[in-house]
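One structure is given here, and the rest of the page talks about it.
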Amino acid sequence: MTPSSAEARKAWIATLAKAPPARLADLMPSLPPHDLLRAPEVGAVMVRGRTGGTGAAFNLGEMTVTRCSVRLGSGPVGHAWVQGRDKDHARRAAVIDALMQTDAAADLAARVIAPLQAEAEARRAARAAKAAGTKVEFFTMVRGEDN
C-alpha cells in the first residue's frame, strides 16, 4: 500500500467510525456476503490526553468501543472500531472498509464516503459558528490621565 493510499484509508475509516449509525445504514442499506473474522464485540479503551497538547500524557478515562473484522468473498479484509456499543455500525463500517479496497471504491467514495464527509464538515462549521457567537473580544482603551 502506498503512503497516499494508506492516508486515504485512514480518512475513510475515520469517516465511517464517526458517521451517525442511522445515516450510514441509510447510505448502505444492504451488505454483500462476507465472513466474520472477528464478530462485533464491545470493549473499552483508555483515552489519554496531554495538557495543552504538548505536556506529559495522562489517563483521561475509558471509552466504550465496538470492533469488527470481516473478509469479503473476493479476499479483501475490512476492520472497524466505533465509539459506543452499536454492533451493526461496526459491522457495516468494516464491510465498507473492505469494499473500499476493491473496484467498487470509486462508486462507494461518491455514494457513501463523500456525503458523510460533507455532512461532518457541515456539523463542524455549525459548531464553530455557534462557538463564535460566544466569543468575547477584550480591548484596552487609553485614557488621557494614564499618560
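A straight Cα-to-Cα reach below 19 Å connects Lys18 with the lysines Lys10, Lys87, residues fewer than 8 places away in its own chain not being considered.
Placing dummy labels 7 Å off each Cα toward the beta-carbon, the span from Val136 to Glu121 is 3.4 nm. Entry note: the stretch 1-139 has Rg to Rh equal to 1.05, where both radii use alpha-carbon atoms and Rh is the Kirkwood radius. Compared with the alpha-carbon gap, the fully stretched path from Thr102 to Gln83 is longer by 4.3 nm at 0.36 nm per residue.
Rule-based calculations on the coordinates, nothing more; no lab input. Quick caveat: nothing in here was measured; it's all calculated off a predicted structure. Positions of Cβ are generated from backbone atoms using ideal geometry, with glycine treated the same way; all protein chains shown enter the neighbour counts.
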